[in-house]
Each structure stands twice: as C-alpha cells, then as structure tokens.
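The values are calculated or read from the model by the stated rules, or taken from the named source; none is laboratory data. All of these numbers come straight from a predicted model, not from anything done at the bench. FYI the Cβ positions are ideal-geometry reconstructions off the backbone, even for glycines, and counts take in every protein chain you see. We work out accessible area using only protein heavy atoms, side chains counted, and drop any ligands, DNA or RNA first. Shrake-Rupley method; radii C 1.70, N 1.55, O 1.52, S 1.80 Å.
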2 protein chains.
Amino acid sequence: MRIAIAGAGAMGSRFGLMLHKAGNEVILLDKWADHVNAINKSGLRVNYNGEDVVEKIPAFFPSEMEGYKGVIDTVILFTKAMQLDDMLQSIKPILSKDTKVLCLLNGLGHEDTVEKYVDKENILLGNTMWTAGLIGPGEVKLFGNGEVELQNVYPGGKEAALEVVKVLNEAGLNGIYSENVMYSIWRKACVNGTLNGTCTILDANIASFGATSVTDKIIRTIINEFAAVAAKEGINLDSEEIVNHVKSTFNPNGVGKHHPSMHQDLIKNNRLTEIDYINGAVCKKGAKYNIQTPYCQLLTELVHAKEEILIAQ
Amino acid sequence: MRIAIAGAGAMGSRFGLMLHKAGNEVILLDKWADHVNAINKSGLRVNYNGEDVVEKIPAFFPSEMEGYKGVIDTVILFTKAMQLDDMLQSIKPILSKDTKVLCLLNGLGHEDTVEKYVDKENILLGNTMWTAGLIGPGEVKLFGNGEVELQNVYPGGKEAALEVVKVLNEAGLNGIYSENVMYSIWRKACVNGTLNGTCTILDANIASFGATSVTDKIIRTIINEFAAVAAKEGINLDSEEIVNHVKSTFNPNGVGKHHPSMHQDLIKNNRLTEIDYINGAVCKKGAKYNIQTPYCQLLTELVHAKEEILIAQ
C-alpha cells in the first residue's frame, strides 16, 4: 500500500517505520524543516524497543506533494490538532477520489475538519493506544506495545476500513475494526480531558494529581460533562467505567510517574496546547446542544491563560 | 479603650501599634511563639512608612488570658480565617457580656463562627483597605494609607460601633461607620475571589493574569456566582462596577506587579490558603440556596489540590 504519514512526529514516525518495514511504500510529511532534512540526510533514526535502527524513508514538506498526485492509497493524519486544517490544505493535491484518509489525532471534532477536504466515504476515524517519544530532529524512541482501532465514517467505507486494518496488522500495529470507534475516541478524550489540563495547571504528574482528596470530584464532574455532550451525539458513555479507567493511571509505579503530554508541551517546552480539541471541544459542542460544561470551560480558560503567561514572556 | 488584638500578624500589628500610639491600652495575642517572645523581649519593631520604630506592647499567647477577665473593652479579630474558631475558643475567658468583638478578617461567613462565642449585640463586622507586611518574628513593615469600615450586626449595637469608629479615627486608622458593611465585605471578597485563586493556580502576578484574553470571562463568571449567592442574603452587588474595580488592579506599575497574598502563602511559603473562606464560602452558601457555583467550586478544588501536592511533599 502507498501510504503518506501526514504529521511525522513521534507517533507518525512509529506508524511510518512499522508500515515501511512491512513492505509498504511510505512517505513522511512534516512542516518541521530540521526534522525533514535530518530524515532525508541520515534516515529516520529510531531507538526501537532498546535497539538502534536507521531506516531510509522519504520525507517531504507537505507543500512538495505535486509529484505524488493520484498515487497515494492512504493518508494517515497524525498532526497536532491545531495543525490539521493547514496540513489538509497543503496535501490537497494528493487527495484523489480513491484516497482513504485515516485520522488518528487525539481529541474530538476532527471529522468536521477532515470533511472539509475529503469525501465522507473516504474518511476513516481511529484511536490508538501506541506511544512514542521524539528525541530530536530525525530521531525517535519507540517502546512498548499498543493497538489501533478504526472505523469508516459512512457505511460504504467498511471494505476500505478492513483493508487498512489488514495492512496495520501486517505491520504489527494491531489494527482492530471497531463497530463504534466514536465511543473509543470519546473514552480516550475523557482520559485526556481529566488529566491533561489539570496536571498542566497544577504542574503535577499523574500520580500526584491522582492522590489529592479533590481528584475524584474533579474527574467525575468533567466526565459527566463529556458524557452529557456525547449523549447528544448518540454516544452513551459509561461514566463509572471511565472514572475507574482514569484512576487506573494513578499508580506512581506505572503511567502515574509521567506528566501528560500537555504538561510537556506547555510547562516544559512553552508550546501551545491541544486544550481546544479536548475540553474546549466539549464546551463548543455543549454550547451547540445547550448543555452547561463549566468545569471544561474554566479548565480550558486557565490553560489558555497559562499559555499566554508563559509563551508571551 | 482596652483593646486586645487577637491575631497579631502583620495587620494585627498595624492596628495594635497605631491604637497603642494613640493612648489605648493594647495587648497583642498570637499563637506564634517566636513572634510573641520577640515582641516581649525587644518590643514590636516596625518600619513605619520608612522610619524604624520600636514600641513596647505586651504580647501573650491566647491561652494566657486568665488575668484579663472582664477588663477588655474591645477585641479586634485579625487571625487567618482557618484559625478564627480556635482563637475564639482560647480567648473565651476575656469575652464578658460588655466586650465588643470587631471581626476584620478577609473572606465570607466569619459572622457564623463569631456568633458561636459572642452575643450578637456585641459583634461588629468590618472590612479594611489597610495593608501590612510581616518581615519576621516581632518585626513588621507598614506603608501607605487605608481605612476601615465597620457596622454593628444587630441594630442595638450601633452606639458601640460608633465608639469604636471614634477610637480608630483618633488612632489615624480612618474608621468609617458603614450602613451596609456586608456590601463592602462581599465586594472585597469578589476581588479576592477573582484574583487570589487564579493567580495562585497560574503562578502569576496580578498584571500577568489581568493581561490574558480569557481574564474578562473568568472574572465575570466568578463575580456573577458571588452576586447570585449574595442576592439570596439581601446583598445586591453591582457586578459591572466590581468587574471594573477588579480590573483597576491590573496596572503593572501599581498593585498589578504584586502576587496576591494567597500566592505568597501557598506557592512561596507552602502554607494552607484561605480559599474555603472566599470561593469555597460561596460554594457552601450556594449549595444552601440551591445556586450553581461551578467556577468557584473548581477553583477551590484546584487550590486544595495544589495545597496537597505542595505541602505533602
């Protein structure tokens, strides 16, 4: 399969590498010049479960895609949420009427953006539990195991979805065809919506936040806001199961010892966050359905305030 | 007038010093041993508008008040909010049926605590704009100007209130008899309720917080929650005037360059905050009147989470 990874950061590089190693024709697309140049000069350098690997995979700027018109079977979207629209705009030349587009971004509401550029029957939505870390330009660290669920947005797209699942499985990416991928996307958004903004604002790792006496109240209130909005979109979240799922991350000897990625983005690297696509997306949908989402709203505002305070300096 | 200052931190020391210099018999009560011992050994050392002053004012632990039974005309309460109940319990021996008790603590709902120990006709409530800074045990820095508004809680107490106003004025403390001191107390609580928790959680000074694009939304929402609850207690806050009053503190060349006291308590000194007596008090009253106060609630919870994260370490 000819696959373009649109957004070749840590996660995009993982998918690109594994699909490439499985014999697919992969190209990596990214706007980060140092990264693209490093990959083209020295290959994608990967610490792959402890082993150093270098793979020659062609990397491009999204604006250089003229030559790939009509030859890409599948685009996998892996940009930061706020770069999605811009990426789709740039890669319009390679989106033919047969090109499938699999969106694997974190957060909610990306389908609305993708639909501006892609016919609905070609859109696949997914959700992945794989992780990946960026070391520097051209260099990533991949460790552990994961899986990726996906589903066609429109009924007619099921065959294409199954084909992509097969290719992902052949590459060891553990693809799963989901009958209700929106549920998984919302469930993961609840994890990010309860941990990312709070740990960022509190400058805490997941275990520290998890250990406070008010955490149960905060995560329940946020998950209830997510659930009330999701219900309006036909997704009936099991709030109690999700509360327990969030709490399972608090173990200080496991995931709990880490800071969520939003904390790394803002507090460590002074970069803008994806809050508008997590809690902020719930507020936006809530306003549309006339549902109050005050916890999501204040959390989104506090994260934006912190962005302006830190990044303006 | 024989006056006991119950809680002789920075503000208590200011009132104690000025009332003492005006010829009143003042005693200072505090639980901080180093402070009490330093005052008794070397006097209260004050940088008073730039000039160094030392005044001999007797200082005691609240538990040592047996000898002062029936001789104190007025107690001025200036503890931290969470120490008020304990202080009143300790000084019960000096509260006779004629002793007036003026409560000048920041925050809301202190009258409920005072009423557990003091007859309603002896209770005066007040609100002060004076400032003061603690340098170390026995040593404070007093700068600038201020005033103090007060009012009797029950109609019969007006004469006593006017007497205390006169004594405050003779001491240069600019006492003002207020016909609606609860309005002033709520208005000041709105300032603290919009700036203290937010600047603490965001680790920002007032000007930095004031400059963000979400600040207007945050302070309006919080003030609206305060106003909805205050209305149930017969206090009709002018929200728009208070929003502008809060915004007047944002000037980076004035008050704006400072961090609110809550930030100093928690972020600088890792001490518990008074959030339960500001935003937390509004939540508690809101629950009683069946009024939603989600911004106050999440802010209170985030400050408590930060307390537990910082102070547990």
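The figures follow:
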| quantity | calculated |
| --- | --- |
| Förster-model FRET efficiency, 35 Å R0, B:PHE143 and A:LYS288, C-beta, rounded to 0.05 | 0.10 |
| Cα-centre dipole for the protein assembly as shown with unit charges at Cβ (Lys and Arg positive, Asp and Glu negative), debye to 20 | 360 |
| Charge dipole magnitude, Cβ of K and R +1, D and E -1 - chain A, Cα centre, debye nearest 20 | 280 |
| Number of partner chain Cβ atoms within 10 Å, mean per residue of B:208-221 | 4 |
| Inter-label distance, nm, simple model (7 Å from Cα along the C-beta direction), B:GLU111/A:LYS268 | 5.2 |
| Pairwise FRET efficiency - A:GLU163 versus B:GLU179, Cβ, R0 = 56 Å, nearest 0.05 | 0.10 |
| In range of the label at B:GLU121: residues from the stretch B:85-102 whose backbone nitrogen is under 20 Å from the point 7 Å along Cα→Cβ | B:94-102 |
| Residues of type aspartates and glutamates that B:LYS41 reaches as a straight line, Cα spacing below 20 Å, ignoring anything fewer than 8 places off in the same chain | B:GLU25, B:ASP30, B:ASP52, B:GLU55, B:GLU64, B:GLU139 |
| Probe 1.4 Å, protein heavy atoms only - accessible area per residue of the stretch B:182-310 in square angstrom | 38 |
| For A:PRO137, inter-copy label distances in nm, listed shortest first [label point 7 Å out on the Cα-Cβ vector] | 5.9 |
| Ascending list, in nanometres, of distances separating the A:GLU64 label from those of the other copies (7 Å, Cα toward Cβ) | 8.0 |
| Vicinal HN-Hα couplings computed from phi for the stretch B:207-222 (Karplus, 6.51 cos²θ - 1.76 cosθ + 1.60; Hz; Gly/Pro x) | 5, 4, 5, x, 8, 7, 6, 9, 4, 4, 4, 5, 5, 5, 5, 5 |
| Dipole of the protein assembly as shown [Lys/Arg +1, Asp/Glu -1 at C-beta], most positive-end residue of A:GLY234, A:ALA33, B:LEU162 | A:ALA33 |
| With DNA, RNA and ligands ignored, accessible area of B:TYR277 (1.4 Å probe; Å², nearest 10) | 70 |
| Portion, in percent, of the accessible area of the protein assembly as shown that falls on carbon or sulfur, probe 1.4 Å | 48 |
| The stretch B:72-92 and the stretch B:135-154: distance between their alpha carbon centers, rounded to Å | 15 |
| Residues in the stretch A:255-295 that, when all protein chains are in place, have 30 Å² or more less accessible area than the chain alone would give (probe 1.4 Å) | A:PRO294, A:TYR295 |
| Chain B: most fluctuating residue of B:LYS31, B:LYS232, B:LYS100 per GNM, C-alpha cutoff 10 Å | B:LYS232 |
| Karplus-derived 3J(HN,Hα), 6.51/-1.76/1.60, for each residue of the stretch B:78-86, Hz, glycine and proline x | 9, 6, 5, 4, 6, 9, 5, 4, 4 |
| Most mobile of A:MET11, A:MET65, A:MET262 in a GNM of chain A (Cα contacts under 10 Å) | A:MET65 |
| Candidate aspartates and glutamates - alpha carbon under 16 Å from A:LYS247, same-chain residues fewer than 8 apart omitted | A:ASP216, A:ASP238 |
| Estimated 222 nm signal from helices in chain A, with DSSP H stretches of n ≥ 4 weighted -39500 (n - 2.57), rounded to 500 | -13000 deg cm²/dmol |
| DSSP beta bridge pairing in the stretch A:2-179, given as percent antiparallel to the nearest 5 | 35 |
| Restraint check, B:LYS80/B:LYS158; A:LYS97/A:LYS284; B:LYS80/B:LYS268; A:LYS31/A:LYS166; B:LYS97/B:LYS284, Cα-Cα greater than 21 Å | B:LYS80/B:LYS158; A:LYS97/A:LYS284; A:LYS31/A:LYS166; B:LYS97/B:LYS284 |
| Max mean-square fluctuation residue, GNM over chain A, Cα-Cα springs under 10 Å, options A:GLU240, A:GLU111, A:GLU170 | A:GLU240 |
| B:ILE72 long-range amide H proximity, modeled H, under 5 Å | none |
| Solvent-accessible area buried by pairing A with B, both sides, nearest 100 square angstrom, 1.4 angstrom probe | 2200 |
| Nm distances between copies for B:LYS232, ranked from closest, using label points 7 Å along Cα→Cβ | 2.6 |
| Cα gyration tensor, the stretch A:182-310 - rounded (a/c under 1.5), prolate or oblate | oblate |
| Dipole magnitude (debye, nearest 20) for the stretch B:182-310, charges at Cβ of Lys, Arg, Asp, Glu | 100 |
| Chain B Cβ-axis minimum, rotational copy A, residue and distance in Å | B:PRO294, 2 |
| Where labels lie 7 Å past Cα in the beta-carbon direction, separation of A:ILE135 and B:LYS56 in nm | 7.4 |
